[in-house]
Amino acid sequence: MLKRSSRAQRILLPLLNCICIVLLWQYAVTHRWISPLSLAAPFDAAKVAASSFDILLPHILATAYATLLTFLLSSVCGIFLGALLMHWRAFRLAVYPSLVMFQLLPKIALAPLFVVWFGVNLISRLSFAGFISFFPIVLATLAGLRATDPLVLNLCRSMRASPVQIFWQVRLPYAVPLIMSGLKVGMTLAITGVIVSEFVTVQSGLGYIIVFASSNLQIDLMFAALGWVSLIGLMFYGAVLLLERIILMRLGAPVTGALSRPGEAVP
Amino acid sequence: MSAEVSSIGGLPASRRLEGIMCRFAGGATLPVGFILISLGILEILARTLTVPEVLFPSPGRVLTALVINAPALCHHAALTVSQVVVALIISLAVGVAVATVFTLSRVINKMFAPLFVVLQIIPKIALAPLFVVWFGPGAMSHLSFAVCLSFFPILAGARAGFEETSADAVRLCSALRASRWQTLIHVKLPMALPQLFVGAKVSTTLCIIGVVLGEFVSANAGIGWYIVRAAALSQTANILAALVVLSLFGLLVYGMVAAGEIAVRRRMFG
């Protein structure tokens, strides 16, 4: 009984809280406590989102498509490079410090340069977002592949497992939790990169709608676009989370709780 | 102190220092060589292929741009970095305060924690133009935007730290009739410091991103503004020079946070 009530509390309290906040927000804007020029009322924004859905739809699809493509590109490249770095010691020693440094640099500042290089098009957005989301995936993959239990490795070698067998059957499964946490960070950075490059290229996508709406002071349209960005972000993040659960369950590993970690915060 | 250091391993301090230098040099040859060789290849490529300088300035040109524009670059970078530092301090204070409220009150934790987890996952970078609408084009909008980005990792780090406090220590505190507040200050906060620093390091980079992006959207000074202006004038070498300066300053701030972490670790764990 106690357990059930606490579970109901865990779902009901935040939900009730959300509803209260939204209602208060709506009330505050409609009664002019807050100027509608600085905050759109949530229901008005929802109305705009519904009424201009046919205008927004191509931009929603453009952002989602670019994010997904970026994520696939950078995760394939990142995992491949991570594996390469693990097996090739000299290369790792030479490149690893540069990779860590690049991870720390404010790469967002390069956004205008990618426009100069690739022009105002999808290629420039993809390459910029890929460039942003690639580094955490490489570093996480490398860390995961190197974290294999040395006892297990010794056992495999003494049973004459080939390096290929060791990689696929031991190292990779052991690395899954770290690789997945790298992929989560990579996914969040992919959508960040896509939106920033849409700010800069101003051609299509929800980033473009946001810049356009803010320069026209159409705050309700802007909030509608922000809502869609959040929805896309949550959906993609949830998809990676689901993938992680499925893979971990198939490997028979314990699934840890969902306490959010600092590194997974989305800028 | 020096006698203590020199006695470790039975080697005189100078010999030890030499050994460390040697090992460091051995470890640094490959990475530094890699960077130098890559820069050399870029330089040769830029000279032989005669690519237009707008597309691909050679490293030498970037260095020249860096030297010529050094005073202006340093001026703008100092402006940006001072905002980064202020934003980092504000988000540290706010993040730790919110995490404290979460640990002290179970009801508030249940009500707001899921909300913050969702907010953490939303791409907040899309809010940049909104902050200009709210605070106007100036330092205030960059600061608040940077705090909005960098606050979440610190909150997550502090919460993780508070939650990982050993149950035994907390039970001991309650057995000794320590109040919740005393437990927090004397036990939970020190034990949360390592996790808090993990969050602070993530947030340092986010602070830089926030301020620079804020300057992209609207500003009349700062390194982000400098980059956008250089891009509009197609001065690619200047963009890269600005990026080098920004990276150096960014690494400096990051290094300071990392040094703080090491100092705290030393004091806490010997």
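Values for this structure:
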quantity: Exposure of A:W117 as accessible area (Å², to 10), given a probe of 1.4 Å and all protein chains; calculated: 100
quantity: Dipole of chain B, positive end: most advanced residue of B:I121, B:V211, B:P137 [Cβ charges, Cα centre]; calculated: B:I121
quantity: Cα gyration tensor category, rounded, prolate or oblate, for region B:218-258 with a/c compared to 1.5; calculated: oblate
quantity: In Å, descending, principal axis extents of the Cα set of region A:134-180; calculated: 35, 18, 12
quantity: Region B:88-241 shape via C-alpha gyration tensor axes, a/c threshold 1.5; calculated: prolate
quantity: Kirkwood hydrodynamic radius of region A:22-164, from inverse mean 1/r over distinct Cα pairs, in Å; calculated: 19.6
quantity: Stokes-Einstein D (µm²/s) once Rh is taken as the Kirkwood radius of chain B over alpha-carbon pairs, at 4 °C in 1.567 mPa s; calculated: 59
quantity: Solvent exposure ordering (accessible area, 1.4 Å, most first) of B:F145, A:F236; calculated: A:F236, B:F145
quantity: Residue-wise HN-Hα coupling along region B:211-220, computed from phi with Karplus coefficients 6.51, -1.76, 1.60 (Hz; x: Gly, Pro); calculated: 5, 5, 5, x, 6, 4, 6, 7, 5, 10
quantity: Solvent-accessible area per residue, Å², over region A:60-251 with all protein chains present [probe radius 1.4 Å]; calculated: 44
quantity: Set of aspartates and glutamates with alpha-carbon distance to B:K201 below 12 Å, sequence-local pairs under 8 removed; calculated: B:E261
quantity: Area of A:V240 that stays accessible when all protein chains are in place (1.4 Å probe, Å², to 10); calculated: 10
quantity: Whole-number accessible area per residue in Å² for region B:27-169, which is evaluated in the context of all protein chains at 1.4 Å; calculated: 46
quantity: Heavy-atom accessible area order for A:H87, B:H142, largest first, 1.4 Å probe; calculated: A:H87, B:H142
quantity: Table column - 3J(HN,Hα) (Hz), region A:122-133, Karplus curve with 6.51, -1.76, 1.60, x for Gly and Pro; calculated: 5, 4, 5, 5, 4, 5, 5, 5, x, 4, 6, 8
quantity: Ranked order, A:Y96, B:Y226, B:Y254 - accessible area, probe 1.4 Å, largest first; calculated: A:Y96, B:Y254, B:Y226
quantity: Highest-MSF residue in chain B out of B:A97, B:A232, B:A175 [GNM, Cα springs under 10 Å]; calculated: B:A175
quantity: Given A:K184/B:K110; A:K47/A:K184; A:K184/B:K124, the pairs whose alpha carbons are separated by over 27 Å; calculated: A:K47/A:K184
quantity: Shielding by other protein chains, A:148-161, mean Cβ within 10 Å; calculated: 0
quantity: Whole-number D in µm²/s for the protein assembly as shown (Stokes-Einstein; Kirkwood sum over Cα pairs; 10 °C, 1.306 mPa s); calculated: 62
quantity: Interface residues, region A:101-118 - accessible area loss of 20 Å² or more versus chain alone, probe 1.4 Å; calculated: A:M101, A:L104, A:L105, A:P106, A:I108, A:A109, A:L110, A:P112, A:L113, A:V116, A:W117
quantity: Whether region A:60-251 is rounded, prolate or oblate, judged on the alpha carbon gyration tensor where a/c under 1.5 counts as rounded; calculated: prolate
quantity: Summed buried accessible surface, chains A and B, 1.4 Å probe, nearest 100 Å²; calculated: 4700
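The values are calculated or read from the model by the stated rules, or taken from the named source; none is laboratory data. It should be emphasised that the depicted structure is a prediction, and the values quoted were computed from it without experimental measurement. Cβ sites come from the backbone with ideal geometry, for glycine too, and all protein chains shown count toward neighbours. Each accessible area value is taken on the protein alone, full model and side chains, heavy atoms only, with ligands, DNA and RNA left out. Shrake-Rupley method; radii C 1.70, N 1.55, O 1.52, S 1.80 Å.
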